[in-house]
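The values are calculated or read from the model by the stated rules, or taken from the named source; none is laboratory data. Predicted model, so just to flag it, every value in this text is computed and none were measured. Cβ atoms come from the backbone with ideal geometry, glycine included; neighbour counts cover every protein chain shown. Note: areas computed on protein heavy atoms with side chains; ligands, DNA, RNA excluded. Shrake-Rupley method; radii C 1.70, N 1.55, O 1.52, S 1.80 Å.
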Amino acid sequence: KVIMLYVCLLPAVFADTTMPIPKPTAGTIQRLDKLYSESPAARTVDVWLPPGYSIKKKYAVLYMHDGQNLFDPQTSSFGVDWQIDETLDLLGQSNEIEIPIVVGIYNTAQRTADYTVGKQSQDYMRFVVETVKPFIDKNYRTLPDASNTAIGGSSYGGLISFKLAWEYPHIFSKAFCLSPALKIQNIDYVQNVLDDPSGHKDISFYIDNGGVGLEEQLQAGVEDMLKALESKGYIKDQDLFVVFDKNARHFESAWASRMPTAFRLMYSKK
């Protein structure tokens, strides 16, 4: 059963609700359409609430980029979604993980500038930290501390997820970085990590990649980042989880197929 709900926003942040709400297989979606702040441009945000969302419980939160691709193939950029709702519902039913609220932040035509490097990227990160997260914490039953707050995305979304966790470790303690563009062309966030004097941070990273097409081009940067993190004291299978699927290409269905593993590694009850 899908319940369609609309949210009244605070004066500094407002939304109109004109777009259709996607129909998740499990849980409930509330759409903030569109979430405004001074910067960056307004964008849609979908908030997925787990089945049985209760006033008697508080929840961890996972913020994800490219939010239109997460729950519904009809809103997805390429007609294929990540099946986040189905995956979390199944893992919850089997009692393998604690299910978080998932906040999907849609991209815009400025996706590359938002998710990579430069001033606009810094503005986007502040939007996530200073506009989206405070609104979610005020209006939903969240566990707002860093230990219960995660960030995630793929490709450039994997890069910006890494950056948000690395630069805001007091906000995020987990980063899901799928096929991340960490070091390619004019992007080199590996050097940022190596140059950071703070050393090890209290963050757990899930980093994966495929082996077909663009994934091959990203692999060298992934390997360099893994070495950089290990030099900072990160330990594989403790706070650094790595998955490589040599047959996977750079596409939504590949990321969807790896999310069950990612969730088990990062949200395991064990």
Requested in this report: Out of the residues in the stretch 98-122 that are in contact with a Pro (Cβ under 9 Å, 6 or more places away or on another chain) and buried (at least 18 other Cβ atoms within 10 Å of the Cβ), state the one that is nearest to SER268 (Cα to Cα).
Outcome: ILE99
Query raised in the report: What do you reckon, is SER179 open to solvent by 60 Å² or more (accessible area, probe 1.4 Å) and either hydroxyl-bearing (Ser, Thr, Tyr) or under 16 Å from the mean Cα position of the chain (by Cα) (or both)?
Result: no
Query raised in the report: Here are VAL190, VAL212: which of them is β-branched (Val, Ile, Thr), in contact with a helix residue (DSSP H, G or I) (Cβ under 9 Å, 6 or more places away or on another chain) and surrounded by fewer than 17 Cβ atoms within 10 Å (Cβ to Cβ)?
Result: VAL212
Query raised in the report: What is the one condition in (1) in contact with an Asp or Glu (Cβ under 7 Å, 6 or more places away or on another chain); (2) in contact (Cβ under 8 Å) with a residue 40 or more places away in the chain that PRO169 does not satisfy?
Result: (2)
Query raised in the report: Can you list the helices (runs of 4 or more DSSP H) found entirely within the stretch 105-177 that contain at least 3 residues being closer than 16 Å to VAL47 by Cβ?
Result: 133-139
Requested in this report: With respect to SER198, determine if the residue is of a type outside the set (Phe, Trp, Tyr) and modelled with pLDDT under 95.
Outcome: yes
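From the list ILE55, ILE21, ILE29, pick out the single residue that is modelled with pLDDT under 95, farther than 29 Å from LYS163 by Cα and open to solvent by less than 30 Å² (accessible area, probe 1.4 Å).
Just a single option satisfies the conditions, and that option is ILE21.
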Query raised in the report: Is at least one residue of the stretch 58-76 more than 22 Å from PHE135 (Cβ to Cβ), in a loop (DSSP other than H, G, I, E, B) and in contact (Cβ under 8 Å) with a residue 60 or more places away in the chain?
Result: yes
